[in-house]
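Okay, structure first, notes after.
The values are calculated or read from the model by the stated rules, or taken from the named source; none is laboratory data. Bear in mind that the values here come from a model prediction, so they are computed numbers and not experimental data. Glycine also receives a Cβ, built like all others from the backbone with ideal geometry; neighbour counts cover every protein chain displayed.
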Amino acid sequence: MLITVTGASGSGKSEFAEDLLLRLDGDGPGNRIYVATMEPFGEEGERRIRRHRDLRRGKGFETVECCRDLKDLTLPVQRGRRPSVLLECMSNLAANELYREEGRPFEKEEFLRKAEERAGREILAGIERLLEQAERLVVVTNEVFSDGISYDASTERYLALLGAVNRELAVRSDVFVEVVCSIPLYLKGGPL
Amino acid sequence: MVLIIGGAYQGKGEFALKLADGDEDRILFNVHDRIEAGLRAGRAREEIEAELLSEISGREELILTADEVGCGIVPADAVLRECREVTGRILCALAGEAGEVYRMVAGIPVKIKG
């Protein structure tokens, strides 16, 4: 089962996704895996990660870091059972995949286009790989598309990539939820 | 209390006035501006949030409007980044207190709570 949870910054989507997975599990702790995709850049990044760790505390998640190459990730199996998996956040994974090598010509349209295609393929293959291993998968993504600002070519490519990944996730998902001010809006399937 | 959120220029104020039968004293317009002003004056999120919560406490007739500001690329500017994050968190808290929450889209109120 695939569930995608989206929402704005500060919308409460992470907390909702964690609690949803716990609710669906009804399991004791030890069979839940949190796939963390964010690279801890600087003090603010570390603070953000700490906040998320605090949110997860006591919810029985084992954290696995995976900033890129999701399709090579093999999840630990405990007690012979497929784990419940929460992946957070697709917006980080997409950026890490798109801008994966420093010093590459990200200002060149042709290079960017290929990088976007490659990143999209890799990410979706990674999701399929997780679905093969997981009992259920909750993917947290981000609504970053509505600020009305036109960005440089490389950021626009990022938006195109994440938009395409989100659309594909929505097609693939059994349930697609947008969290607004901590309130879940079930846009596909559900409510759970 | 009723909370009306949505993007800029979606008709939140107009809808609030309609709900309030034109009585502006029942409306707190643009709560996101107060949050930003508070942060820029060096106040902590907790202080701003507590003040707003105490202001709405026991006033069921109140109607609040606020922009949803978190649906974009994370701003490079640290203050703006904090503003949108804190605005989101405080709106979560206000939505928790609200009896009804509406999200305005192109002038159409979509009831998402209550």
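Computed values, structure above
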read-out: Residue count for the stretch A:17-65, restricted to those that are closer than 18 Å to A:Met90 by Cβ, of a type in the set (Gly, Ala, Ser) and modelled with pLDDT under 90; value: 1
read-out: Residue in the stretch A:95-113 that is over 25 Å from B:Arg81 (Cα atoms) and surrounded by 15 or more Cβ atoms within 10 Å (Cβ to Cβ) present; value: yes
read-out: Enumeration of residues in the stretch B:67-113 that are within 21 Å of B:Val2 (Cα to Cα), more than 14 Å from the chain's Cα centre (by Cα) and either assigned to a helix (DSSP H, G or I) or at the interface with chain A (Cβ under 7 Å from one of its Cβ atoms) (or both); value: B:Ile112, B:Lys113
read-out: Within the stretch A:120-176, tally of residues that are among the charged types (D, E, K, R) and either within 14 Å of chain B (Cβ to nearest Cβ) or on the phi > 0 side of the Ramachandran plot (or both); value: 5
read-out: Every residue from the stretch A:123-156 that is modelled with pLDDT under 95, part of a helix (DSSP H, G or I) and of a type in the set (A, V, I, L, M, F, W, C); value: A:Ala153
read-out: Qualifying positions in the stretch B:93-107 - in contact with a helix residue (DSSP H, G or I) (Cβ under 9 Å, 6 or more places away or on another chain) and either under 16 Å from B:Ser54 (Cα atoms) or without any contact (Cβ under 8 Å) to a residue 24 or more places away in the chain (or both); value: B:Ala93, B:Leu94, B:Glu97, B:Ala98
read-out: Qualifying residue in the stretch B:18-39 (condition: more than 14 Å from the chain's Cα centre (by Cα), surrounded by 14 or more Cβ atoms within 10 Å (Cβ to Cβ), outside any helix (DSSP H, G or I) and within 14 Å of chain A (Cβ to nearest Cβ)); value: no
read-out: Test: residue in the stretch B:2-9 that is more than 14 Å from chain A (Cβ to nearest Cβ), without any contact (Cβ under 8 Å) to a residue 60 or more places away in the chain and aromatic (Phe, Trp, Tyr); value: no
